[in-house]
Amino acid sequence: MLPLERLQAAQRLIADTLAPTPLLLDHTLSDRLGRRVWLKAELFQRTGSFKARGGLHWVRTASQEELAGGLGAVSAGNHALGLAWAAGQAGVPVTIVMPENASRFKVDGSRELGAEVILHGDINAAWERMHELVAERGLTLVHPYDDERIIAGQGTVGLEILEQAPEATAILCPVGGGGLIAGIGSAIAALRPELAVIGVEPTGAASMAEAWSQGRPARLAGVETCAKSLGAAIVGEYTYPMCRETVRALVQVDEAAIGRAMYHLFYQAKLMAEPGAAVGIAALLDGAVTLPPAGDVVVVITGGNMSREELEPFL
């Protein structure tokens, strides 16, 4: 896991630009479960997700040599938005390769922030194209999750939760490539190791569960889920061992459960979250997760970047 000092340094480095996000009480879910359920509202962060944290921390810790040729990244959307915004603060060009089925809302938003966006194949093909561009153009690759500087930036979410929820006994965190849960897990392990960190994945993109079963990161043959922000086909060489060391349990939720969670967030919690942000709520609504017997529960609501057309199927 990352040392606590590294997470705290990241928090200090980005604090002048990125404010802490609020912790909101989900009254309906709290009444249903008989305990307080808090929503860590990362959809209110700059660029609409937690990804701005890692992007800004990466850019601010980069060398001039790393920035000189421009940056490159592969993203389903939120990393693209966060990195494009962070690089824009430093006047650094960014090229993003996204899968062809990426959210148009995120594609257009990344372009508005100044990124060159290339749509190419599925997530595996997008990675192949980015590696070609790195070789052709001399770009510096900024991995969306498997980079210690990115993980440290995302870990600031965990530090905030510890400050905001002193009575929490469990944190439910969405898992895609594992950068967020690796950062949160590092913070919790250092400061409150008795607190249960639980990862939640879509059944159609359970790449961390696959890694746990194989004992190493292993690429999924395909990804099929409405939670596109969690559609990593393989977890990272950094994120896998960090997650294995600091995460108490992994659970999966299906598409129907994600749909019910979206409906709950929109109508009960009054939050327009995206599907990938709703998986923790899906796990609670479906009883898919075993919680500690008492104490508060924190659910990380990772982002809220979606168009009206993408939202409509869940209403």
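The values are calculated or read from the model by the stated rules, or taken from the named source; none is laboratory data. These figures come from a predicted structure and were not determined experimentally. Cβ placement follows ideal geometry from the backbone for every residue including glycine, while neighbour counts extend to all protein chains displayed.
Being more than 17 Å from the chain's Cα centre (by Cα) and closer than 21 Å to residue 50 by Cα is true for just one of 278, 218, 269. Which residue is that? Let's see the steps before the verdict.
Working: 278 fails: more than 17 Å from the chain's Cα centre (by Cα); 218 fails: closer than 21 Å to residue 50 by Cα.
The unique qualifying residue is 269.
Test residue 21 against the criterion of being surrounded by fewer than 20 Cβ atoms within 10 Å (Cβ to Cβ) and not in a strand (DSSP E or B), and give yes or no. Please lay out each step first, then the result.
Values: surrounded by fewer than 20 Cβ atoms within 10 Å (Cβ to Cβ): no; not in a strand (DSSP E or B): yes.
Against the criterion (surrounded by fewer than 20 Cβ atoms within 10 Å (Cβ to Cβ) and not in a strand (DSSP E or B)), residue 21 does not qualify.
In segment 1-28, what residues are within 18 Å of residue 169 (Cα to Cα) and in contact with a Leu (Cβ under 6 Å, 6 or more places away or on another chain)?
Residues satisfying the conditions are 24, 26.
Out of all the residues in segment 194-203, is one or more out of contact with any helix residue (DSSP H, G or I) (no Cβ under 6 Å at 6 or more places or on another chain) and farther than 24 Å from residue 286 by Cα?
yes
Filter segment 45-67 for residues that are of a type in the set (Gly, Ala, Ser) and more than 24 Å from residue 119 (Cα to Cα); which is surrounded by the fewest Cβ atoms within 10 Å (Cβ to Cβ)?
Filtering segment 45-67 down to residues of a type in the set (Gly, Ala, Ser) leaves 48-49, 52, 54-55, 62-63.
From what's left, more than 24 Å from residue 119 (Cα to Cα): 62-63.
Details: 62: 19, 63: 8.
Looking at residues that are of a type in the set (Gly, Ala, Ser) and more than 24 Å from residue 119 (Cα to Cα), I get 63.
Right, residue 170: buried (at least 19 other Cβ atoms within 10 Å of the Cβ) and either part of a strand (DSSP E or B) or not assigned by TED's automatic domain parsing to the domain that holds residue 300 (or both) or not?
On the way: buried (at least 19 other Cβ atoms within 10 Å of the Cβ): yes; either part of a strand (DSSP E or B) or not assigned by TED's automatic domain parsing to the domain that holds residue 300 (or both): yes.
Considered against the rule, which asks whether it is buried (at least 19 other Cβ atoms within 10 Å of the Cβ) and either part of a strand (DSSP E or B) or not assigned by TED's automatic domain parsing to the domain that holds residue 300 (or both), residue 170 comes out as yes.
Filter segment 289-308 for residues that are of a type outside the set (Val, Ile, Thr) and either in contact (Cβ under 8 Å) with a residue 60 or more places away in the chain or not assigned by TED's automatic domain parsing to the domain that holds residue 201 (or both) and give the result. Lay out the reasoning, then the answer.
Taking segment 289-308 and keeping what is of a type outside the set (Val, Ile, Thr), we get 291-296, 303-308.
The answer is 291, 292, 294, 295, 296, 303, 304, 305, 306, 307.
Of 165, 170, 196, 187, which residue is over 19 Å from the mean Cα position of the chain (by Cα) and of a type in the set (Gly, Ala, Ser)? Give the derivation first.
Details: 170 fails: over 19 Å from the mean Cα position of the chain (by Cα); 196 fails: over 19 Å from the mean Cα position of the chain (by Cα); 187 fails: over 19 Å from the mean Cα position of the chain (by Cα).
On inspection, the qualifying residue turns out to be 165.
Give segment 148-167 a look and list any residue that's touching a residue at least 24 places away in the same chain (Cβ under 8 Å), surrounded by fewer than 19 Cβ atoms within 10 Å (Cβ to Cβ) and part of a loop (DSSP other than H, G, I, E, B), or say none.
167, the sole residue that qualifies.
So if I check each of 190, 283, which one is within 28 Å of residue 315 (Cα to Cα), buried (at least 16 other Cβ atoms within 10 Å of the Cβ) and not aromatic (Phe, Trp, Tyr)? Walk me through it before giving the result.
Values: 190 fails: within 28 Å of residue 315 (Cα to Cα).
Sole residue among the options that is within 28 Å of residue 315 (Cα to Cα), buried (at least 16 other Cβ atoms within 10 Å of the Cβ) and not aromatic (Phe, Trp, Tyr): 283.
Can you tell me which residues in segment 222-252 are hydroxyl-bearing (Ser, Thr, Tyr) and either touching a Lys or Arg at 6+ places or on another chain (Cβ under 8 Å) or surrounded by fewer than 24 Cβ atoms within 10 Å (Cβ to Cβ) (or both)? Outline the logic, then answer.
Just the residues of segment 222-252 that are hydroxyl-bearing (Ser, Thr, Tyr), to begin with: 225, 229, 238-240, 246.
Hits for segment 222-252 are 225, 238, 240, 246.
Restricting attention to helices (runs of 4 or more DSSP H) lying wholly within segment 219-315, give those where 2 or more residues are farther than 28 Å from residue 109 by Cβ and charged (D, E, K, R).
Values: elements: 239-246, 255-267, 279-285, 308-311.
Of the helices (runs of 4 or more DSSP H) lying wholly inside segment 219-315, those with at least 2 residues that are farther than 28 Å from residue 109 by Cβ and charged (D, E, K, R) span 239-246.
What about residue 36, is it among the basic types (Lys, Arg) and surrounded by fewer than 15 Cβ atoms within 10 Å (Cβ to Cβ)? Before you say what the answer is, go through the steps one by one.
Numbers: among the basic types (Lys, Arg): yes; surrounded by fewer than 15 Cβ atoms within 10 Å (Cβ to Cβ): no.
It is false that residue 36 is among the basic types (Lys, Arg) and surrounded by fewer than 15 Cβ atoms within 10 Å (Cβ to Cβ).
Yes or no, residue by residue, for (1) assigned by TED's automatic domain parsing to the domain that holds residue 267; (2) free of Cβ contacts under 8 Å to residues at least 24 places away in the same chain; (3) acidic (Asp, Glu); (4) in contact with an Asp or Glu (Cβ under 8 Å, 6 or more places away or on another chain):
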| position | (1), (2), (3), (4) |
| --- | --- |
| 30 | yes, yes, no, no |
| 69 | no, no, no, no |
| 83 | no, no, no, no |
| 95 | no, no, no, yes |
| 103 | no, no, no, yes |
| 111 | no, yes, no, no |
| 118 | no, yes, no, no |
| 121 | no, yes, no, yes |
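Going by the structure shown, is residue 247 out of contact with any Leu (no Cβ under 7 Å at 6 or more places or on another chain), more than 20 Å from residue 165 (Cβ to Cβ) and not small (Gly, Ala, Ser)? Walk me through how you get there before you give the answer.
Numbers: out of contact with any Leu (no Cβ under 7 Å at 6 or more places or on another chain): yes; more than 20 Å from residue 165 (Cβ to Cβ): no; not small (Gly, Ala, Ser): yes.
No; evaluated as a whole, the condition is false for this residue.
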